[in-house]
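> One structure is given below, represented as structure tokens, and several questions about it will come after.
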Amino acid sequence: MRSSQLGVGVVGYGYWGPNLVRNFAGSTAARVVAVADRDPLRLAALTRNHPGVAATARYQDLLDDPAIDAIAVATPAHSHYDLALMALRAGKHVLVEKPLAPTADLARRLIDEADRRGLVLMVDHTFLYTPAVRKISELARKGEIGDVYYYDSTRVSLGLFQSDVSVIWDLAVHDLSIVDHLIDEPPVAVSATGCSHVEGAPENMAHITLFFDSPCVAQVNVNWLSPVKVRKTLIGGSKKMIVYDDMEPTEKIKVYDKGVTVDASPEIAQQLRIGYRAGDMWAPNLSTREALASEVEHFVDCVRNGATPLCDGVSGLRVVETLEAATRSMAGQGRPVMLGNVTQARNARRATA
Ligand SMILES: NC(=O)c1ccc[n+]([C@@H]2O[C@H](COP(=O)([O-])OP(=O)(O)OC[C@H]3O[C@@H](n4cnc5c(N)ncnc54)[C@H](O)[C@@H]3O)[C@@H](O)[C@H]2O)c1
């Protein structure tokens, strides 16, 4: 790094790119040097919002610029792999939008390239940086939820239809990254069903079920063709249950001291006695900090200190592997597809390399 601030380039200034630019620009530890977008109207918008940032239609300009230490890739999903690989080969650290790559094989290639060059590769799994998910994760780590029995999420709204990926590669990525973060065991199988209602377009609605060795189950319902926007997740644990409603302006998380107890004493072995616990509910106070502000700070910190990001390439790979398996299952009308443990596979590959 040539100056005390990390020099950042951003490729893609459509819907999401401006959020990355604004947050990098707002960080004292970083400086947005240049933004590339093929669309002149988007570059004009950049210049209006950030007059001091260089605007270019050529991605190569970012790769060639020695003042740029890191590149954020915020283009449509099908281009993530190529653009991220070019950035790594140019010696730049990379923050790439979700999903990391279109296949697990290509995700592994990005990880290997970053490892070989000693560069940071991080995936923008934004939800892991939201105060709500951080609080849920903190409660889980402290053992307050107990064993997680289920994760049951509904993430539906009208649009934004993507032409290059199905709804699971767009919306379910968020839930799969949260599940990967919260649940301490890898899923062993996935089953998914989905449907397209626009001729020639990928599936716009889908239901995914992740199975684990334990009785835990994760269910994700994603849909671009819903009349209302719902962002609601139920997390059931042996000790507490959580309702996480991202549409709530303030009380996004409600923790319920509710559950069941089973009395299976020998005298009543023939008769299962379920007791219901209906205790208090509380809504933890959450920070109002924007998730992306925490995330870009974490990215800069990882580059500076050589630390491994929370959403490193391997966590991106685990999510892509699940998405790939879910896509195969959808093609087979919900037939379960077994999942390997990618972390183990990677370690084994390294050990034999
Ligand atoms: N993390 C999140 O919560 C979140 C939210 C929304 C979108 N996203 C991700 O952000 C990415 C972009 O989505 P979007 O909705 O902003 O898309 P978009 O289509 O609105 O914007 C993409 C921009 O990239 C530009 N572009 C495409 N290829 C280019 C290239 N090779 N060189 C230069 N410019 C190029 C386009 O001109 C366009 O302006 C997607 O991967 C999406 O999954 C993430």
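Every number here is computed from the coordinates shown, using simple stated rules; none is lab data. Since the model is a prediction, treat every value here as computed from it, not as a measurement. Don't worry about glycine lacking a Cβ; one is built from the backbone with ideal geometry, like all the others, and counts go over all protein chains shown.
> Treating the angle as unsigned and between 0 and 90°, give the value, to the nearest 10°, between the Cα long axis of helix 104-117 and the longest Cα principal axis of the chain.
50 degrees
> A 30 angstrom limit on the alpha carbon distance is what I want to check against. Which of Lys98/Lys229; Lys98/Lys258; Lys229/Lys258; Lys92/Lys142 exceed it?
Details: Lys98/Lys229 21 Å; Lys98/Lys258 35 Å; Lys229/Lys258 27 Å; Lys92/Lys142 37 Å.
Going by Cα-Cα distance, Lys98/Lys258; Lys92/Lys142 fall outside the 30 Å limit.
> Going by amide H atoms built from the backbone, whose H comes under 5 Å of the H on Lys258, apart from near neighbours?
Sorted by chain and number, the residues that satisfy this are Met241, Gly279.
> Do you know the relative contact order of the stretch 63-184, to the nearest whole percent, from alpha carbon pairs under 8 angstrom that are 6+ apart? Could you put the intermediate results ahead of the total?
Details: 132 pairs, mean separation 28.3, N = 122.
Value for the stretch 63-184: 23 percent.
> Using packing as a proxy for protection, rank 93-103, 321-331, 161-171 so that the peptide with the highest average count of other Cβ atoms within 10 Å comes first. Walk me through the numbers on the way to the answer.
Working: 93-103: 25.7, 321-331: 22.0, 161-171: 19.9.
Ranked from most to least packed, the peptides come out as 93-103, 321-331, 161-171.
> Which three lengths, in whole Å and largest first, does the chain cover when its Cα atoms are put on their principal axes?
Principal-axis extents of the chain (Cα, largest first): 77, 48, 43 Å.
> Using only Cα atoms, tell me the angle between helix 173-182 and the longest principal axis of the chain; keep it within 0 to 90° and round to the nearest 10.
Roughly 60 degrees, rounded to the nearest 10.
> Packing-wise, with mean Cβ within 10 Å as the measure, how do 68-78, 194-204, 227-237 rank, highest first? The partial results should precede the final answer.
Working: 68-78: 23.2, 194-204: 14.9, 227-237: 16.6.
Answer by packing, highest mean first, reads 68-78, 227-237, 194-204.
> Long-range amide H contacts for Ala189: which residues qualify at under 5 Å (H placed 1.01 Å from N, peptide plane, sequence gap of 5 or more or a different chain)?
Here Phe211, Leu339 satisfy the definition.
> Give a residue-ordered list of calculated ³J(HN,Hα) values for the stretch 152-157 (Karplus: 6.51 cos²θ - 1.76 cosθ + 1.60, θ = phi - 60°; whole Hz; x for Gly, Pro).
Using θ = phi - 60°, the values come out as 9, 10, 10, 10, 10, 5 Hz.
> Convert each backbone phi in the stretch 166-171 into a coupling constant with the Karplus relation 6.51 cos²θ - 1.76 cosθ + 1.60 (shift: θ = phi - 60°), then list the ³J(HN,Hα) values in order as whole Hz, x for Gly and Pro.
Once rounded to whole Hz, the list reads 7, 4, 6, 6, 9, 8.
> For every helix of n ≥ 4 consecutive DSSP H residues, a contribution of -39,500 (n - 2.57) applies; sum these over the chain, divide by its total residues, and give [θ] at 222 nm rounded to the nearest 500 deg cm²/dmol.
Details: 10 runs with 115 residues, N = 353.
-10000 deg cm²/dmol, from helical runs alone.
> Still on this structure, I have one more. List, largest first, the extents of the alpha carbons of the stretch 191-241 along their principal axes, each in whole Å.
Here the Cα extents, ordered largest to smallest, are 45, 26, 8 Å.
> Can you tell me the orientation of helix 342-352 relative to the chain, as the angle in degrees between its alpha-carbon axis and the longest Cα principal axis, to the nearest 10?
60 degrees
> So what J values fall out for the stretch 58-68 if you push phi through Karplus, 6.51 cos²θ - 1.76 cosθ + 1.60 with θ = phi - 60°, rounded to Hz, Gly and Pro as x?
With coefficients 6.51, -1.76 and 1.60, one gets 9, 4, 4, 4, 5, 5, 7, 7, x, 7, 9 Hz.
> Among Ser177, Gly143, Tyr13, which residue has its Cα positioned farthest towards the positive end of the charge dipole of the chain, with +1 placed on the Cβ of Lys and Arg, -1 on the Cβ of Asp and Glu, and the dipole taken about the Cα centre?
Positive-most Cα among the choices belongs to Tyr13.
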